[in-house]
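Input: a single structure, listed below in structure tokens.
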Amino acid sequence: MYRAKISPNLKKIFEKGERGEALTLLLADGRRVKCRFEMLTYANKSDTDDTDVMVARIKYGDGSGELLAEEDIKEVL
């Protein structure tokens with residue numbers, strides 16, 4: 001059976017999200033965000049590169065959300 005390898009920050013997000021905890025993340029662009037984990041999925045690396053990378057789908061309190069890859073996350077607080 002295939003078992004995906006989950007990178008360290010995505011694993012922390014997944015574990016906290018499975019426990020129903022709210023997340024505080026420090027992102028690579030300097031933002032500190034509060035959010036909720038929705039799911040892990042795969043997305044294309046970029047518009048020109050079809051390589052799949054694992055990402056976390058997160059949701060903010062206002063209903064918006066985004067996909068975050070390992071390199072987007074500096075620290076899970």
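The table for this structure:
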| quantity | calculated |
| --- | --- |
| Meets criteria (at pLDDT 95 or above and assigned to a loop (DSSP other than H, G, I, E, B)) for Gly30 | yes |
| Check on Leu10, in contact with a strand residue (DSSP E or B) (Cβ under 7 Å, 6 or more places away or on another chain) and more than 11 Å from Ala69 (Cβ to Cβ) | no |
| Complete set of residues in region 33-62 that are more than 22 Å from Ala4 (Cβ to Cβ) and at pLDDT 95 or above | Val33, Lys34, Tyr60, Asp62 |
| Residues of region 33-54 classified as open to solvent by 50 Å² or more (accessible area, probe 1.4 Å) and among the aromatic types (Phe, Trp, Tyr), total | 1 |
| Close pairs from region 38-49: first in a loop (DSSP other than H, G, I, E, B), partner open to solvent by less than 50 Å² (accessible area, probe 1.4 Å), Cβ under 7 Å, at least 6 apart | Lys45/Val53 |
| Test for Glu15: is it assigned to a helix (DSSP H, G or I) and either open to solvent by 50 Å² or more (accessible area, probe 1.4 Å) or in contact with a Ser or Thr (Cβ under 9 Å, 6 or more places away or on another chain) (or both) | yes |
| Residue that is nearest to the chain's Cα centre (by Cα) [pool: residues in region 46-74 that are of a type in the set (Val, Ile, Thr) and farther than 20 Å from Glu15 by Cα] | Thr51 |
| Selected residue (criterion: farthest from Leu26 (Cα to Cα)) from residues of region 55-77 that are open to solvent by 30 Å² or more (accessible area, probe 1.4 Å), in contact with a helix residue (DSSP H, G or I) (Cβ under 9 Å, 6 or more places away or on another chain) and in a strand (DSSP E or B) | Glu66 |
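The values are calculated or read from the model by the stated rules, or taken from the named source; none is laboratory data. Bear in mind the structure is a predicted one, so any value in this text is a computation, not a measurement. Using ideal geometry, Cβ is built from the backbone for each residue, glycine included, and neighbour counts are taken over all protein chains shown. Areas reflect the complete protein model, heavy atoms only, side chains present, ligands, DNA and RNA absent. Shrake-Rupley method; radii C 1.70, N 1.55, O 1.52, S 1.80 Å.
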